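Worksheet for the structure shown next.
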Amino acid sequence: MFPIETISAKMLDYYAGRSDSLIIDVRDKSSYQKSHIRGAVSYPYSELTGEEQFPAGKTLIFYCDRGGASMAAARLFVRKGYRTRSVIGGFAAYRGRNLVISE
């Protein structure tokens, strides 16, 4: 079993914009389009295959609505050798300064 590290939602502001991390939104595309964390990329959990290639050496920070899907995504990619983190409480818990809301 691979241990999955977790971070609080407020830690997303620490990771946003860092060159050594990649924030990945695993919610569905319409949720991402409505609002997301600045700099996050959209990879819906339902579409993840485990074959995706992410930049080597980056910590992958996964978030979803509440934390379950991001934990599963982090588990999938830690098995592939990536450093991963899952956001506790997911997007619903985020109250930081890097919120992007589309009209």
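Can you tell me which residue is nearest to Gly17 (Cα to Cα) among those in region 50-62 that are open to solvent by less than 50 Å² (accessible area, probe 1.4 Å) and either part of a loop (DSSP other than H, G, I, E, B) or at pLDDT below 95 (or both)?
To start, the set of residues in region 50-62 that are open to solvent by less than 50 Å² (accessible area, probe 1.4 Å) comprises 50, 52, 54, 59-62.
In the following step, the residues that additionally are either part of a loop (DSSP other than H, G, I, E, B) or at pLDDT below 95 (or both) were identified as 50, 52, 54.
Details: Gly50: 24, Glu52: 21, Phe54: 16 Å.
Among those that are open to solvent by less than 50 Å² (accessible area, probe 1.4 Å) and either part of a loop (DSSP other than H, G, I, E, B) or at pLDDT below 95 (or both), it is Phe54.
So in region 17-27, with the set limited to residues that are of a type outside the set (Gly, Ala, Ser) and more than 13 Å from the chain's Cα centre (by Cα), which one is surrounded by the fewest Cβ atoms within 10 Å (Cβ to Cβ)?
Keep residues of region 17-27 that are of a type outside the set (Gly, Ala, Ser), which gives 18, 20, 22-27.
If we keep only those that are more than 13 Å from the chain's Cα centre (by Cα) too, we end up with 18, 20.
Numbers: Arg18: 13, Asp20: 10.
By that ranking, first place goes to Asp20.
Name the residues in region 3-16 that are within 16 Å of Ala69 (Cα to Cα), assigned to a loop (DSSP other than H, G, I, E, B) and open to solvent by less than 100 Å² (accessible area, probe 1.4 Å), would you?
The answer is Ile4, and nothing else.
Being out of contact with any Cys (no Cβ under 6 Å at 6 or more places or on another chain) and β-branched (Val, Ile, Thr) is the filter here, so list the residues in region 1-31 that pass it. Reasoning before the result, please.
So in region 1-31, the residues out of contact with any Cys (no Cβ under 6 Å at 6 or more places or on another chain) come out as 1-25, 28-31.
Answer for region 1-31, where residues must be out of contact with any Cys (no Cβ under 6 Å at 6 or more places or on another chain) and β-branched (Val, Ile, Thr): Ile4, Thr6, Ile7, Ile23, Ile24.
Given the conditions (1) surrounded by 16 or more Cβ atoms within 10 Å (Cβ to Cβ); (2) more than 18 Å from Phe91 (Cα to Cα), report the number of the one that Glu47 does not fulfil.
The number of the failed condition is (1).
Would you please name the residue that is least open to solvent (accessible area, probe 1.4 Å), looking only at residues in region 28-44 that are charged (D, E, K, R) and farther than 13 Å from Val100 by Cβ?
Out of the qualifying residues, it is Asp28.
Restricting the search to region 68-82, which residues are touching a residue at least 60 places away in the same chain (Cβ under 8 Å) and over 15 Å from Thr49 (Cβ atoms)? Steps first, answer last, please.
First pass over region 68-82, keeping only residues touching a residue at least 60 places away in the same chain (Cβ under 8 Å): 71, 74-75, 78-79.
Answer for region 68-82, where residues must be touching a residue at least 60 places away in the same chain (Cβ under 8 Å) and over 15 Å from Thr49 (Cβ atoms): Met71, Ala74, Val78.
I'd like to check something: does region 24-45 contain any residue that is touching a residue at least 40 places away in the same chain (Cβ under 8 Å) and in contact with a His (Cβ under 9 Å, 6 or more places away or on another chain)?
Looking through region 24-45, at least one residue is touching a residue at least 40 places away in the same chain (Cβ under 8 Å) and in contact with a His (Cβ under 9 Å, 6 or more places away or on another chain).
Taking region 68-90 only, how many residues are over 17 Å from Ser35 (Cβ atoms), in contact with a strand residue (DSSP E or B) (Cβ under 6 Å, 6 or more places away or on another chain) and in a loop (DSSP other than H, G, I, E, B)? Talk me through it step by step, then tell me what you get.
Start the filter on region 68-90 by keeping residues that are over 17 Å from Ser35 (Cβ atoms), which leaves 68, 71-86, 88.
Imposing the further condition that a residue be in contact with a strand residue (DSSP E or B) (Cβ under 6 Å, 6 or more places away or on another chain) reduces the set to 71, 73-74, 77-78, 82-86, 88.
Next, from what is left, pick out any that are in a loop (DSSP other than H, G, I, E, B): 82.
So the answer is 1.
Please go through region 91-102 and pick out each residue that is surrounded by fewer than 16 Cβ atoms within 10 Å (Cβ to Cβ) and part of a loop (DSSP other than H, G, I, E, B).
Arg95, Gly96, Arg97, Ser102
How many residues does region 64-90 hold that are surrounded by fewer than 16 Cβ atoms within 10 Å (Cβ to Cβ) and in contact with a Leu (Cβ under 8 Å, 6 or more places away or on another chain)?
1
The values are calculated or read from the model by the stated rules, or taken from the named source; none is laboratory data. Since we're looking at a predicted model, the values are computed, not measured. In this analysis, Cβ positions are derived from the backbone assuming ideal geometry, glycine residues included, and neighbour counts consider all displayed protein chains. What goes into the accessible areas is simple: the full protein's heavy atoms, side chains included, and nothing from ligands, DNA or RNA. Shrake-Rupley method; radii C 1.70, N 1.55, O 1.52, S 1.80 Å.
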